[in-house]
There are 2 protein chains.
Amino acid sequence: MDSGVKKPGVTSSQVARRAGVSQSAVSRTFTPGASISPKTRAKVMAAAKELGYRPNAIARSLITNRSRIIAVVMAYLENLFYPDVLEELGRLLVKENYRLLLFTGFMDRDSDPVFDQLMQYRVDGIVLASTSLSSELSEECAAAGIPVVLFNRTTERDAVSSVTTRNREGGRRVAEFLVAGGHKRFGYISGLESSSTNRDRFAGYKEGLAEAGHTEIIYEVGNYDRAEAEAAARKMLSKPDRPDALFVANDHMAVAVMDVARHELGLSIPEDLSIVGYDDVGPARWTSYGITSMSQPLKRMVEATVNILMDQISSGEIEAEHRILNGELVVRTSARLPKSGVVEVDGRRIFKPAKG
Amino acid sequence: MDSGVKKPGVTSSQVARRAGVSQSAVSRTFTPGASISPKTRAKVMAAAKELGYRPNAIARSLITNRSRIIAVVMAYLENLFYPDVLEELGRLLVKENYRLLLFTGFMDRDSDPVFDQLMQYRVDGIVLASTSLSSELSEECAAAGIPVVLFNRTTERDAVSSVTTRNREGGRRVAEFLVAGGHKRFGYISGLESSSTNRDRFAGYKEGLAEAGHTEIIYEVGNYDRAEAEAAARKMLSKPDRPDALFVANDHMAVAVMDVARHELGLSIPEDLSIVGYDDVGPARWTSYGITSMSQPLKRMVEATVNILMDQISSGEIEAEHRILNGELVVRTSARLPKSGVVEVDGRRIFKPAKG
DNA sequence: CTGAAAGCGCTTACAG
DNA sequence: CTGAAAGCGCTTACAG
């Protein structure tokens, strides 16, 4: 093996020479839909194969002004929901012949360096799935004329597209479920208070409880973070007047809360405490947890995201589109069951209260 | 908000005109180390700011023949170990001023389309963290003169660089630990049998057991997959002659095995069955599992990976380098403790047998 | 330190 | 259908 510098790379001109045709002919051979005779194409293909030619996507991008790269901004991947999203995004984008440039592992504070790089690589579109820098970054990108989709979040000004689920209805559904289960004292462990998902989930929960006459909510902040959720759980659940029903703003935190409740505080779930989470992510399904959780239809969310992006890229029209999908309350073992309303659909148990 | 096509983008020539200098001067201003007077630089910077100029990385790549893009191939992200790796890779690569192009969500079979795209984008380096297509893909890339690092795996022919931990010693350590714990019947749930990690872990385990006089190992295949691991556990643990000590080839499977053992089969851990895993990944630390596990030093592994890549890119020398790091057996609650050898280091309990 | 010029590897009117 | 030519937005010898 001779160690080598990065090999020069075969160019279309070299292939052209070998095939005895013009460089344009080579280019056309590799451009779907371009006008080229079968005979010429065959000659080019043969030469290309011999030389191991592959069109240089960088050069192509420069001239077409399309990088065929979608940037995905996802600050942290600890919550398994996001790796799942990433995997599905990878799957769908490759089908559309797009590449995925990932921005992760940075502090959620500094949006400027990220933005700079997005711009430098002239990405064709952006998926923003990072909680806190959404607003600033999305406005900048939108202003630059690049399609942006906020994934699982929205901003106040709805000038930028988003894909979400009905978080408010979800929160309300959780309230109905817990009320139907006969609980008396209600708690909430919040996600990042500035995030739209948390705001909406809490608002719906509050509304739902209020309609049933429950106006007091025992409240702690978990910031969508494991350690903070544990601390919140310790604080809330070690008091004598702890709740008997607890809505945790996502499953990632709910797992931590359950561990604290059971193993540190010796509470039985759901006998002493009912817990409901959000997302229906992997660990929620593990039998150690069996979290009753509002699901978010991940595949359909990713599909909608890619569709919006592709539409905007091909039309050149950047008109904000908001896709709002429905979730379901998947019933498992972490919360007491209500007398009615739990139905079996496709082998899963769902809470569907009779319409009032 | 006027919906617009992707805005044309400001070019260096426009900035030059605005600043009253040559296009070369603009280029030099944005090339670290280029010869440019403070005065000219200031004029350029002012004009650039006014116009919102950012160098076009695509054009730069074309001429420098460096894309500053590292491809990361990671077929699936279900095992949290990999998202953790991804996050750390993102962190370190951005520090080196490299971007991360992610290939994920594809079937592990088809390596050709992936390879094609790697080549088309002229990536400067590749991190291969996908189990099954490692060998073919890595050889092709190496042949093309692109630095490749196999992450957490090796191939027979060691022409391509790799970063691993001492899996064999790890397997042996697990054996020593379980033997020291006084267990009598030993089981193994394997990962992908064709993978180097699995082969080495099993070989070490077998050796370690054999040295203590235990030559029989109850064996099932889990293929590093949750569902398959569950099935393997059901089969192995429902028999009357089930093991009392079980080494599961990674934590991702160990979690599933523990759930089956406890909740389906009613076994107590570690009273009825000791379980040891590998990786020391997130869920291993959750109190519901508390898995005793061989750790892999993720941060140092990623650091080594990036170092190898950067070295090879800057030197132009692609000489295979194999970095092999040490892990530790982190002791938690999923396995019976031996009488001696467990020590406390930095607040963690580690198994360090006295040297024989 | 500076500018004019060549050239990276393509796509795409344009003329035939 | 085909080829010659222009040009995408940069970097980098080269000459001054």
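The values are calculated or read from the model by the stated rules, or taken from the named source; none is laboratory data. Bear in mind that the values here come from a model prediction, so they are computed numbers and not experimental data. Here the Cβ is made from the backbone with ideal geometry for all residues, glycine too, and neighbour counts use every protein chain on show. These accessible areas exclude ligands, DNA and RNA; they are computed on the full protein's heavy atoms, side chains included. Shrake-Rupley method; radii C 1.70, N 1.55, O 1.52, S 1.80 Å.
Put a label point 7 Å from Cα along the Cβ direction on B:THR333, then list its distances to the equivalent points in the other copies in nm, shortest first.
Counterpart label points of B:THR333 in the remaining copies fall at 1.7 nm.
Quick one: if the Förster radius is 30 Å, what FRET efficiency do A:LEU265 and A:ALA203 give, using the C-beta to C-beta distance and rounding to 0.05?
Numbers: r = 29 Å, r/R0 = 0.96.
Computed FRET efficiency for A:LEU265 and A:ALA203 comes out at 0.55.
Output ³J(HN,Hα) for segment B:24-35: one whole-Hz value per residue in order, computed from phi by the Karplus curve 6.51 cos²θ - 1.76 cosθ + 1.60 with θ = phi - 60°, and x for Gly and Pro.
Karplus values, whole Hz, x for Gly and Pro: 4, 4, 4, 4, 5, 4, 9, 10, x, x, 6, 7.
Looking at segment A:242-283 from every direction and averaging, what is the projected area of its Cα convex hull in nm²?
2.7 nm²
Does the protein assembly as shown classify as rounded, prolate or oblate by the C-alpha gyration tensor (a ≥ b ≥ c root eigenvalues; a/c under 1.5 gives rounded; else a/b over b/c gives prolate, otherwise oblate)?
oblate
Quote the charge dipole size of segment B:12-55 about the Cα centre in Debye, to the nearest 20; the model charges only the Cβ of Lys and Arg (+1) and of Asp and Glu (-1).
Computed charge dipole of segment B:12-55: roughly 60 debye.
Principal axis extents for chain A, Cα atoms only, whole Å, descending order, please.
85, 44, 41
Taking every residue in A:46-55, how many Cβ atoms of other protein chains lie within 10 Å of its Cβ, on average? Could the numbers behind the result be given before it?
Values: counts 0, 0, 0, 0, 0, 0, 4, 1, 9, 3.
What the average comes to for A:46-55 is 2.
To the nearest 20 debye, what charge dipole does the protein assembly as shown have about its Cα centre, counting +1 at the Cβ of each Lys and Arg and -1 at the Cβ of each Asp and Glu?
1840 debye
Take the alpha carbon gyration tensor of segment B:218-337, find the square roots of its eigenvalues, order them as a ≥ b ≥ c, and report rounded if a/c is under 1.5; if not, report prolate when a/b exceeds b/c, else oblate. Mind dumping the intermediate values first?
On the way: a/c = 3.19, a/b = 2.37, b/c = 1.34.
Judged from the Cα gyration tensor, segment B:218-337 comes out prolate (a/c at least 1.5, a/b above b/c).
Total accessible area buried between chains A and B, 1.4 Å probe, in Å² to the nearest 100?
Interface between A and B: roughly 6100 Å².
Order of A:317-325, B:10-18 by packing, highest average Cβ count within 10 Å first?
Going from most to least packed, we get B:10-18, A:317-325.
Would you tell me the mean number of C-beta atoms belonging to other protein chains that fall within 10 Å of each C-beta in B:177-184, as a whole number?
Rounded to a whole number, the mean comes out at 0.
Taking amide hydrogens as modeled 1.01 Å from N in the peptide plane, which residues meet the under 5 Å criterion relative to A:SER67, leaving out close sequence neighbours?
Placed amide hydrogens put A:ASP124 under 5 Å from A:SER67.
In nm to one decimal, list the spacings between the A:SER13 label point and its equivalents in the other copies, with label points set 7 Å along Cα to Cβ, shortest first.
So the distances to the same position in the other copies read 2.0 nm.
Please identify which residues in segment B:258-294 have an amide N closer than 12 Å to a label point set 7 Å out from the Cα of A:ASP272, following the Cα→Cβ vector.
Nothing falls inside the zone, counting backbone N under 12 Å.
What does the average come to when, for each residue of peptide A:277-286, you count the partner chain Cβ atoms lying within 10 Å of its Cβ?
2
How would segment B:159-268 be classified by its alpha-carbon gyration tensor: rounded, prolate or oblate, with rounded meaning a/c under 1.5 and the a/b versus b/c comparison settling the rest?
oblate
Using 1/(1 + (r/R0)^6) with R0 = 60 angstrom and r between the beta carbons of B:ALA46 and B:LYS352, what's the FRET efficiency to the nearest 0.05?
Efficiency, rounded to the nearest 0.05: 0.45.
Considering only protein heavy atoms, what is the solvent-accessible area of A:ILE313 at a probe of 1.4 Å, reported in Å² to the nearest 10?
20 Å²
Farthest toward the dipole's positive end in the protein assembly as shown, which of B:ASN198, B:GLN312, A:PRO240, given Cβ charges of +1 (Lys, Arg) and -1 (Asp, Glu) about the Cα centre?
The residue sitting farthest along the positive end of the dipole is B:GLN312.
List, shortest first and in nm to one decimal, how far the label point of B:GLU317 (7 Å from Cα along Cα→Cβ) is from its counterparts in the other copies.
In ascending order, 5.9 nm.
Tell me the mean residue ellipticity at 222 nm calculated for the protein assembly as shown from its helices only (DSSP H runs of n ≥ 4, each -39500 (n - 2.57), averaged over every residue, nearest 500).
About -12500 deg cm²/dmol.
How are the alpha carbon pair distances in segment B:12-55 distributed across 5 Å bins from zero to the largest one, expressed in percent?
5, 31, 40, 20, 4
May I ask what percent, to the nearest 5, of DSSP beta bridges between residues of the protein assembly as shown are antiparallel?
Around 20 percent of the beta bridges assigned by DSSP in the protein assembly as shown are antiparallel ones.
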